[in-house]
Amino acid sequence: MKRVLTFALITLLVLVALVVGGAWLARKGMSPLVDGQTLAGGRVLVAVDPTSPMPVAAYLLRLDDGKVALVDAGMDPQARAVRGALARLGASEADVVAVFLTHVHGDHAGGLPAFPRAVRYRMDVPGAPAPAGSTARRLGDGETVTLGGNPVQAFAVPGHTPESGAFLAFGVLFLGDAAAGQYNGRIGGPPPFVSTDRKRGQASLRALAARLKAAGAQVDALAFGHQGPLKGLDPLLAWAHIS
């Protein structure tokens, strides 16, 4: 009974934090998510999970071999929004070969049970929780995974959570909750209230911006956990004051 009450209390606190964080984001004028939006010339499809207190995105990556990889899986354990998006692609849960987790908060990792055969990738951070399942794999900073002939590069951006990561695929930089997109074409850093170490998150973002700039990385769009995408790398460079 004590364990049940503890779990209920933790769940309530997380929900309150999400609501408060959502209110803060709304005041900041964040760009809304649009279910069914496509990026990278149709190679990336946005699925918006409405079951979270604040709508959350899962991104479907269409691989060259016909399979699908996800960036985050939403909050719904049945992943109904993601399954609907898969159906629009003529695919099913069986076609999902990988899930890249920007972090393991429940609103981003809750849909994992719907894809038991997919390899679950997250950043390798000592002491950080691993996604459940025997198919979990940890990625090093800068490591590239090739799926169906398509590279996905991982970057550590700790701060929102210790294991927060960003992924670059098809020219889209998926940032999860490490940053937030705004209506004015700018970005903000990791949100308060729900971030473990916001200052560290801001430093991580600045380091990532400098790294991508120096490498001449092709970034055509920035994608976020709870907001609509922005074009190009410039919003991140401007936020980091990199010219």
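Of all the accessible heavy-atom surface of segment 84-243, with the other protein chains kept in place and a 1.4 Å probe, what percent is carbon and sulfur? Walk me through the numbers on the way to the answer.
Working: 3330 of 6430 Å².
Whole-percent figure for carbon plus sulfur exposure: 52.
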- Each residue of segment 93-98 in turn: what ³J(HN,Hα) in whole Hz from Karplus with 6.51, -1.76, 1.60 and θ = phi - 60°, glycine and Pro shown as x? 4, 5, 8, 7, 9, 7
- So what is the accessible area of segment 171-243 per residue, in Å², with the probe set to 1.4 Å? 44
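Go through Thr102, Thr51 and list them by solvent-accessible area, largest first, probe radius 1.4 Å. Please report the intermediate quantities before stating the final value.
Numbers: Thr102 5, Thr51 70 Å².
Of Thr102, Thr51, the descending order of accessible area is Thr51, Thr102.
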- Message: If you count only protein heavy atoms and use a 1.4 Å probe, how large is the accessible surface of Val34, to the nearest 10 Å²?
- Response: 80
- Just how much of Phe174 is accessible, in Å², when a 1.4 Å probe is used and the result is rounded to the nearest 10? 0
- Using a 1.4 angstrom probe and counting only protein chains, how large is the accessible area of Asp197 in Å², to 10? 70
- Amide H contacts under 5 Å for Tyr121, restricted to residues at least 5 apart in sequence or on another chain and with H modeled in the peptide plane, are Val99, Phe100, Leu101, Arg137
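Please report, in debye to the nearest 20, how large the charge dipole of segment 84-243 is about its Cα centre when each Lys and Arg carries +1 at its beta carbon and each Asp and Glu carries -1 there. Write down the numbers at each step before the final one.
Numbers: 14 positive and 11 negative charges, 50 e Å.
Computed about the Cα centre, the dipole is about 240 debye.
The values are calculated or read from the model by the stated rules, or taken from the named source; none is laboratory data. All of these numbers come straight from a predicted model, not from anything done at the bench. Positions of Cβ are generated from backbone atoms using ideal geometry, with glycine treated the same way; all protein chains shown enter the neighbour counts. Calculation scope for accessible area: heavy atoms of the full protein, side chains included, ligands and nucleic acids excluded. Shrake-Rupley method; radii C 1.70, N 1.55, O 1.52, S 1.80 Å.
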